[in-house]
Amino acid sequence: MSNTDVIAATATASGRGGIGVVRVSGGGLADFAFALLGKAPKPRVATLSNFLAADGNTIDQGVALFFPAPHSYTGEDVLELQGHGGDAVLRMVLGRCLELGARPAEPGEFTKRAFLNNKMDLAQAESVADLIDAATTEAAKSAMRSLRGEFSGAIHLLVESLINLRMLVEATLDFPEEEVDFIAEANAFGQLAAIRAQLGEVFRQARQGSLLREGAHVALIGQPNVGKSSLLNQLAGEEVAIVTPVAGTTRDAIRQHIEIEGVPLHFIDTAGLRETEDEVEKIGIARAWCAIRQANVALLLVDATQGVAPADLEIIAALPPGLPLLRVFNKIDLLEREPGSSGVDGVTDVYLSAKTGAGVDLLHQQLLRMVGWHGGGEGAFMARARHLKALGEAEGRLVLAEACKGRIELFAEELRLAQLALSSITGEFTADDLLGEIFSRFCIGK
């Protein structure tokens, strides 16, 4: 990176606000700051300043903060201008920065520079965006743990353990004439088992964090008039779907984001599944099956007063193979039955009333169980799909390594590949095109 390449961007959301921030980063910003402020700002001291136009007139008045390299967010000189939060005035301040030689920052470029200047590793850099995008309190807590380096620390411990084991194994390869069996004496395969157990725990925590980040998609399915829309309204706590006694009222998929114990669940209320000659309803049913194929869990509503009908069995038979199914028997208020849940032959049933809300808490518990939430996100790491892929790759390599007990060369190679997969998480071995993909999804100014 060039140390003279200066970037600038508005770092606060557009619109009216009490404060707006323009951020500048690059090399040699002292002269840049003097031209903009009419004075040299003191390092790391909030200074009331006039932000000056080229003709010396004041654009805005606010607080200037100057952070000389390397003690800044990006590791470069950073100037933050905190002025009044209006689009027009921020555009003028940013325009003045561009006049002075800065260029508009690309999405995520400030954080990308922090990564390239070793201010944070790649997992921490990604957690910055995850913290901004967090939709629930638990997701925000998990992202902050990753930003503090807890996820990276766990990965570094795994890599360190693998390096130590590789040293032992490769010593045997380098000195095959030695009588001493390094592998047996060092209990190499015992160490491998310990690393696999350690990796399994990190993988579990990462899956929990991934669930907090991505959530899960739940498709509400069933015959017409079994109460799907009523249940969605009950779960959402508001009238988000139209409810009438007329079968086929729901013609299109209705999507609603609902948080349960900090886990974001994306519910899709689908059209009632049945044979119909109504062309509009046919389109709704086709979209319902499309939503079902993309779901993580299918929630089949059954009229408790009728029980499981042949049409319900046809719906179950048509579900994608492997899709978890939860059967919900609705309208227990008409039977004066108490809410409850049971499991038979791997199928879980919940009895509730969408009208009164009785049993909805049991549905919450079963849904969280089925999407893989183990409760309490205190140990979860905010993980992305690429993190899970890398952890899965490392786990597979360690399984292969264990199967190579009689082939030391292959054993050593599988350990090397496992280390490479883990190191890609923190960015020690990362392709430039992957970096571009990651940071392009950040907001501008961060």
| request: Kindly check whether there is at least one residue in segment 389-404 that is open to solvent by less than 30 Å² (accessible area, probe 1.4 Å) and either farther than 30 Å from GLU150 by Cβ or in a loop (DSSP other than H, G, I, E, B) (or both). | output: yes
| message | What pairs come out if I take residues in segment 156-171 that are within 17 Å of ALA390 (Cα to Cα) and pair them with residues that are at pLDDT below 80 and of a type in the set (Ser, Thr, Tyr) whose C-beta lies under 6 Å away, six or more apart or interchain? | response | none
| query | Filter segment 63-111 for residues that are in contact with an Asp or Glu (Cβ under 8 Å, 6 or more places away or on another chain) and assigned to a helix (DSSP H, G or I); which is nearest to ALA35 (Cα to Cα)? | reply | VAL93
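Does ALA421 meet the test of being at pLDDT 90 or above, more than 30 Å from ASN233 (Cα to Cα) and aliphatic (A, V, I, L, M)?
yes
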| request: Looking only at segment 98-121, decide whether some residue is farther than 20 Å from ILE444 by Cβ and open to solvent by 50 Å² or more (accessible area, probe 1.4 Å). | output: yes
| note | GLU150 passes all but one of the listed conditions (1) out of contact with any helix residue (DSSP H, G or I) (no Cβ under 6 Å at 6 or more places or on another chain); (2) over 21 Å from GLU201 (Cβ atoms); (3) open to solvent by 30 Å² or more (accessible area, probe 1.4 Å); the exception is number (2)
| field | Every residue from segment 317-363 that is in a helix (DSSP H, G or I) and either surrounded by 15 or more Cβ atoms within 10 Å (Cβ to Cβ) or in contact with a Lys or Arg (Cβ under 6 Å, 6 or more places away or on another chain) (or both) | value | ILE332, ASP333, VAL360, LEU362, LEU363
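Residue by residue, here is whether (1) open to solvent by 40 Å² or more (accessible area, probe 1.4 Å); (2) of a type in the set (A, V, I, L, M, F, W, C); (3) not in a loop (DSSP other than H, G, I, E, B) holds:
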site: ALA8; (1), (2), (3): no, yes, yes
site: THR12; (1), (2), (3): yes, no, no
site: GLY15; (1), (2), (3): no, no, no
site: GLY18; (1), (2), (3): yes, no, yes
site: ALA40; (1), (2), (3): yes, yes, no
site: LEU48; (1), (2), (3): yes, yes, yes
site: ILE59; (1), (2), (3): no, yes, yes
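The values are calculated or read from the model by the stated rules, or taken from the named source; none is laboratory data. The model shown is predicted, which means the values in this text are computed figures rather than measured ones. Cβ coordinates were reconstructed from backbone atoms using ideal geometry, including for glycine residues, and neighbour counts include every protein chain displayed. Side chains included, ligands, DNA and RNA excluded: accessible areas come from the protein's heavy atoms. Shrake-Rupley method; radii C 1.70, N 1.55, O 1.52, S 1.80 Å.
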